[in-house]
Amino acid sequence: MSDIAIRVENLGKSYQINHQQGRSKYRTLQEEIVGLVSNPFRKTEGSRETVWALKDISFELKAGEALGIIGRNGAGKSTLLKILSRITRPTTGHADIYGRIGSLLEVGTGFHPELTGRENIFLNGAVLGMTRRDIQRRFDEIVAFAEIEKFLDTPVKRFSSGMYMRLAFSVAAHLEPEILVVDEVLAVGDAEFQKKCLGKMSDVSHEGRTVLFVSHNMAAIKHLCKRIIWLKQGAIAADGFSEPVISQYMMESAVYTRQRLWPTGIASPGVDEFKLYSIRMLNQHGEMSTSHEIEHGFSIEMEYEIFKRLPYCRIGWQINTATGIIVMEAYDSDSVFYSGIREPGRFLSRCDIPGHLLNTGNYLIDINAGIPNLKNLVNLENVLAFNIVDTSATGANSSVERGGIIRADLIWSQEKHNNVPKGSFVRT
Amino acid sequence: MANTEVKHISQPTHGDDRQTLKHIRIQPATTWFPIDFGEIWAFRDLFAILAMRDIKLRYKQTMLGIIWVILQPLVASLIFAVIFGRIAALPSDGKPYLLFIYAGMLPWNLFAGCLQRAGNSLISDAKLITKVYFPRLIIPIASSAAVLLDFAVAFVVMIVLLFVYHDQVSVTWNILALPLLLLVVLLISIGVSLFLSALNVYYRDFMYALPFVIQVWMYASPLVYSASMIPDRWRVIYALNPMAGVIDGFRWALLGTGEFPLLTMSIAVVMGCLFFIVGAYIFQRVESSFADVV
């Protein structure tokens, strides 16, 4: 009677990290023997350390639900997917899975460069758990989706990387498991391909199949999943509706400092002609702050040095909401004083943002400097975080949270109309 | 396979469309669990496709292709025939030395080929192991299947040789025992292969030691000499090498040499089963952590 697709209870996974024997995961007999002779009590001496990649994970996923998993690299996302796909075993706890599970942890698993497109479709399909009959039945669809009809009998080593990716995703997209587990496959390929993949993924989740989706692409994950689990250092940091969990995650990953300094210009590795030294936020009094009152303006200041005459170089920022929506972007080239050519020298650029513009909430700043359509000089995401607060506490509505991103100071007026004849509210 | 309980629970869905959902429990590895043959069967298509892949890839971009399969055992047999038959003049149970060697070479090459190919199979398919689930047992066994094709080709050559030498050797009904003998070779080969492939994941030494092991094992088997040269009192110990009994058995079946080697073959069957069980057991023990190590 259960409509549970996945039930995970106290799942944990630990790895032994061997400090003495360095990086290689596998050993040679010689090392083992030498180790045993020189240090027979090795195991009790604690030269091995147990690292928990996952600890005490519990959650339930209903059939038909789409769950997103977010977290930094190394937070345990991939380990969790590997356990649920039965690639590796947990150390503690257990998971129950109801239904056929298909996992897509990589695009093109099992593809062999020497084999033809046709042969690889069968190989890859079988690897992903399809039977030969399933593949034959969907063969034409797979080929059509991948748009490689002409190259079916060409070894895939002669494919362009785009064709390769399309074919690989196409096979995977035609899997029909009850539960689909997908890890970051959208991170590859060009924009058009990503869009196609995302569309297919969205079809799958709307067909009522259970989906488990790991991604760093917050917009994609929010689009696909109503519910999100945030993993942090192997444990569940938050589990709930997408929006609040994503914004919690984004705010934590941004740095809540009033300014960021790169005294040596390390923020722009590899770029010799431009170095960013600092970025800070100032309140209306010119003091550094990360919290701004709704009715007052604030400023963003950037210090940088240009080492070479740079035509059309511009520097600017972008403000995003904590859930990844772009609020606005602005560049110094917007200014009427911008001449189009930046001469060498050390500069301080400052932009004043007026009050009564952003709604209360948390925001993130990205920094970008570059020559449009030519060269990226500096590109930093989530470099600063700030919030807008409403402390005015006047008026009947001031304590109530408002929806939306902007909250302008608007003018309201009303006139009292007496003795108006019935049915004549129309202004003439 | 693996340490998962698979049971079917029925889940009522809309109307009459009753559907059974597979239930899988994922839990920490335990020491012993039986091989889930049902699951291996469910992945039979993957098995076939992997075996086909190995066969197709082997001779891609070679000029002679399948001729290599014929040339390898034939040339090796010729060399042995010259060195051991002509120069050292070892006895060959009264049969032409080339045939004598080649008949033994059939099971031996099958065995050595399985070891070589299966030994490395898990490492060369590491990408599969770390990205998808399927019964791991499929990989080394599928790579042995490709060797079986070589055997079939080499066997055709054997028949040709029997025709060529028809005035010296006559085919007997003994040949009907071949499928059974083949089964014993496969049992031994797969058992040792499983053992090797699993441990190779943990200790790459096995990869380097393998050529020596195969060579020593070859000289410990009656491939280039006749088992009749072994003194009677050593017979039982000698037969603990199951390949000894099998090679004798092949010669008896194909060339009609003497009596059926009952003692050595019985020991070979027992040892073959033992090898298979031990190999499969060790494979099972370590397979759950392949993905973490490979």
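Once the convex hull of all Cα atoms in region B:161-229 is built, its volume per residue stands at 132 Å³. Residues of region A:289-318 with an amide N closer than 14 Å to a point placed 7 Å from the Cα of A:Thr257 along the Cα-to-Cβ direction: A:289-290. What is the sum of charges around A:Gly12, taking Lys and Arg as +1, Asp and Glu as -1, for the other residues whose C-beta is under 9 Å from the C-beta of A:Gly12? Within the 9 Å Cβ shell, the charges total +1.
Quick check: net charge around B:Ala42, other residues with Cβ under 12 Å of its Cβ, Lys/Arg +1 and Asp/Glu -1? In short, 0. Under conditions of 10 °C and 1.306 mPa s, region A:106-153 yields 146 µm² s⁻¹ as its translational diffusion coefficient, taking Rh as the Kirkwood radius over Cα pairs in the Stokes-Einstein equation. In this rough spin-label picture, where each label sits 7 Å from Cα along the Cβ direction, the B:Val164-A:Arg137 distance is 5.2 nm.
How big is the Rg/Rh ratio for region A:173-250, C-alpha atoms only, Rh by Kirkwood, two decimals? Don't skip to the end; give the middle numbers.
Working: Rg = 12.8 Å, Rh = 13.2 Å.
A ratio of 0.97.
Computed from phi, the 3J(HN,Hα) profile of region B:180-190 under the Karplus parametrisation 6.51, -1.76, 1.60 (θ = phi - 60°) reads 5, 4, 4, 4, 5, 4, 5, 4, 5, 4, 5 Hz, with x in place of Gly and Pro.
Output the relative contact order of region B:20-168, whole-number percent, from Cα pairs under 8 angstrom with separation of 6+ residues. Before the final figure, lay out each step's value.
Working: 86 pairs, mean separation 48.8, N = 149.
Answer for region B:20-168 is 33 percent.
Neighbouring Cβ atoms from other chains, within 10 Å of the Cβ of residues in A:117-124, number 3 on average.
Stretching the chain fully between A:Ser299 and A:Asp56 yields a gain of 83.1 nm (0.36 nm per residue, less the alpha carbon separation).
Computed from the C-beta positions of B:Asp232 and B:Trp68, the FRET efficiency with R₀ = 51 Å rounds to 0.80. Relative to the longest principal axis of the C-alpha atoms of chain B, give the angle of the C-alpha long axis of helix B:97-124, reported between 0 and 90° and rounded to the nearest 10°. Approximately 20 degrees, to the nearest ten.
Taking amide H positions as modeled 1.01 Å from N, with prolines and chain starts lacking one, the residues under 5 Å from A:Ile4 and 5 or more places away or on another chain are A:Ala63. For chain B, the percent of C-alpha pairs falling in each 5 Å distance bin, counted from 0 to the bin holding the largest distance, reads 1, 5, 10, 15, 16, 14, 12, 9, 7, 5, 3, 2, 1, 1, 0, 0, 0.
For region B:45-129, the list of chymotrypsin sites (Phe, Trp or Tyr not before Pro) that fall in a loop by DSSP and count at most 14 other C-beta atoms within 10 angstrom reads B:Tyr59. Between A:Ala238 and A:Trp230, the built amide H atoms are under 5 Å apart, and every one of these is 5 or more places off in sequence or on another chain. Residue by residue along A:100-106, Cβ atoms of other protein chains within 10 Å of the local Cβ number 3 on average.
As an exercise, use a Förster radius of 22 Å and the Cβ-Cβ distance of A:Glu9 and B:Val293 to find the FRET efficiency, rounded to the nearest 0.05. Let's see the in-between values first.
Numbers: r = 26 Å, r/R0 = 1.19.
Approximately 0.25, to the nearest 0.05.
Alpha-carbon geometry of region B:165-294: the Rg and the Dmax are 17.2, 60 Å, given in that order. Computed 3J(HN,Hα) for region A:305-321, one whole-Hz value per residue from the Karplus formula 6.51 cos²θ - 1.76 cosθ + 1.60 where θ = phi - 60°, is 10, 10, 9, 8, 4, 10, x, 6, 6, 9, 10, x, 9, 9, 9, 10, 6, glycine and proline marked x.
Ellipsoid semi-axes for region A:126-188, based on the Cα gyration tensor and the rule √(5λ), read 20, 16, 9 Å when sorted largest first.
Counting other beta carbons within 10 Å of each Cβ, put B:Leu274, A:Leu105 in order, fewest first.
Values: B:Leu274 14, A:Leu105 20.
Ordered by Cβ neighbours within 10 Å, fewest first: B:Leu274, A:Leu105.
Between A:Arg158 and B:Leu90, the modelled labels are 4.9 nm apart [label points 7 Å from Cα along Cα→Cβ].
Run the helix sum for chain B: -39,500 (n - 2.57) per DSSP H stretch of 4+ residues, divided by residue count, reported at 222 nm to the nearest 500 deg cm²/dmol.
Values: 12 runs with 185 residues, N = 294.
After summing the helix terms and dividing by residue count, I get -20500 deg cm²/dmol.
Roughly speaking, what is the centre-to-centre gap between region B:119-137 and region B:54-97 when only Cα atoms are used, to the nearest Å? Region B:119-137 and region B:54-97 have Cα centres separated by 32 Å.
Per-residue Karplus couplings for region A:204-211, computed as 6.51 cos²θ - 1.76 cosθ + 1.60 with θ equal to phi - 60°, are listed in order as 4, 6, 7, 6, x, 8, 7, 10 Hz, Gly and Pro entered as x.
Cα convex hull of region B:126-190: how many Å³ per residue? Before the final figure, lay out each step's value.
On the way: hull volume 6.3 nm³, N = 65.
About 98 Å³ per residue, rounded to a whole number.
Ranking of A:Ser349, A:Ser339, A:Ser215 by neighbouring Cβ atoms within 10 Å, starting from the fewest: A:Ser339, A:Ser349, A:Ser215.
When the pairs A:Lys55/B:Lys127; A:Lys200/B:Lys60; A:Lys77/A:Lys200; A:Lys13/A:Lys226; A:Lys55/A:Lys82 are compared against a 24 Å limit on Cα-Cα distance, A:Lys55/B:Lys127; A:Lys200/B:Lys60; A:Lys13/A:Lys226 fall above it. Counted over the protein assembly as shown, the DSSP beta bridges are approximately 80% antiparallel. Its alpha carbons considered, the protein assembly as shown gives a radius of gyration followed by a Dmax of 35.0, 133 Å.
With the biggest extent put first, the Cα atoms of region A:287-415 measure 58, 32, 29 Å across the principal axes.
Taking neighbour counts of Cβ atoms within 10 Å as a proxy for exposure, in what order, fewest first, do B:Asp150, B:Asp205 appear?
Numbers: B:Asp150 22, B:Asp205 17.
In order of increasing Cβ crowding within 10 Å: B:Asp205, B:Asp150.
With a threshold of 25 Å on the Cα-Cα distance, the over-threshold entries among A:Lys196/A:Lys375; A:Lys196/A:Lys222; B:Lys22/B:Lys131; A:Lys157/B:Lys56 are A:Lys196/A:Lys375.
Take the Cα radius of gyration of region A:290-347 and divide it by 2.2 N^0.38 Å, with N its residue count; two decimals is plenty.
Values: Rg = 14.5 Å, N = 58, 2.2 N^0.38 = 10.3 Å.
Its radius of gyration relative to the 2.2 N^0.38 Å reference: 1.40.
The equivalent ellipsoid of region A:112-229 has semi-axes of 25, 17, 11 Å, largest first, where each one is the square root of 5 times an eigenvalue of the Cα gyration tensor. With the simple spin-label model, which puts each label point 7 Å out from Cα in the Cβ direction, the B:Arg25 to B:Val270 separation comes to 3.9 nm.
Throughout, read-outs are computed from the coordinates displayed, never taken from laboratory work. Treat the numbers as computed from the prediction; the structure is a model and nothing was measured. Every residue, glycine among them, receives a Cβ derived from its backbone with ideal geometry; neighbour counts consider all protein chains shown.
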